[in-house]
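Nothing in this text is a laboratory measurement; each read-out follows from the coordinates by a stated rule. Only a predicted model underlies this, so the values are computations on that prediction, with no experimental measurement involved. All Cβ positions, glycine included, derive from the backbone under ideal geometry; neighbour counts span all protein chains shown.
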Amino acid sequence: MAELPVRKRIFYGMGGLCLNLPDLIFMQWIVYRYIRPGGQPLASAIVIGAIITFARVVIEGPSCMVVAHWSDQCASRQGRRLPFMRYGIVPFVLVFFLMFMPPFGYNHWANEVHAGIFIPLYLVLYGLVFTPYLALIPEITSNLK
């Protein structure tokens with residue numbers, strides 16, 4: 001079989017870049033948004049750290065395995081992977097936006113509850129969109145180079 005054309009390689013790489021940007025923004029800015037170094041924090045640093053750790057380990061890890069299995073078994077007319085990306089991207093973007101919009105502009109318990117809802121939800125939706133995307137590469141070419 002022929003190698004994957006350069007055009008498809010570029011498009012696949014651009015998709016990967018677009019999907020990695022939200023996670024980079026999340027990892028670099030979510031703590032800054034809620035803790036505000038040099039300003040009044042919107043939530044406790046310990047609580048935000050615990051939420052992120054819990055969400056990454058206990059929620060995102062297992063949910064990515066479930067999504068991977070689910071997308072492997074999917075028998076859609078659109079293919080195995082594309083429905084996850086197509087239908088998951090809008091909720092993903094909405095939750096990503098809302099995650100950075102705590103309800104109060106000062107330290108309040110509702111901000112911690114807000115983070116406790118939207119951070120894990122973001123990580124589940126990230127896995128719902130990104131895991132099937134990563135599984136696409138063997139399906140767009142038969143050449144494993």
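Axis of helix 6-35 versus longest Cα principal axis of the chain: the two differ by about 10°, to the nearest ten degrees.
The longest part of the chain holding none of the exposed loop chymotrypsin sites (Phe, Trp or Tyr not before Pro), meaning those outside H, G, I, E and B in DSSP with at most 13 other Cβ atoms within 10 Å, is 1-103. Taking the C-alpha atoms only, the angle from helix 45-54 to the longest principal axis of the chain is near 30 degrees. Using the alpha-carbon atoms, what tilt in degrees (0 to 90, nearest 10) does helix 61-73 show relative to the longest principal axis of the chain? The angle comes out near 30 degrees. Length available on full extension from ALA135 to PHE11: 0.36 nm per residue minus the Cα-Cα distance, which gives 43.1 nm. In the chain, the calculated helix contribution to ellipticity at 222 nm averages -23500 deg cm²/dmol per residue, counting -39,500 (n - 2.57) for every DSSP H run with n ≥ 4.
What number results when the radius of gyration of segment 41-83, computed over Cα atoms, is divided by 2.2 N^0.38 Å?
Rounded to two decimals, the normalised Rg is 1.76.
Here the Kirkwood formula, the inverse mean of 1/r across different C-alpha pairs, assigns the chain a hydrodynamic radius of 16.8 Å.
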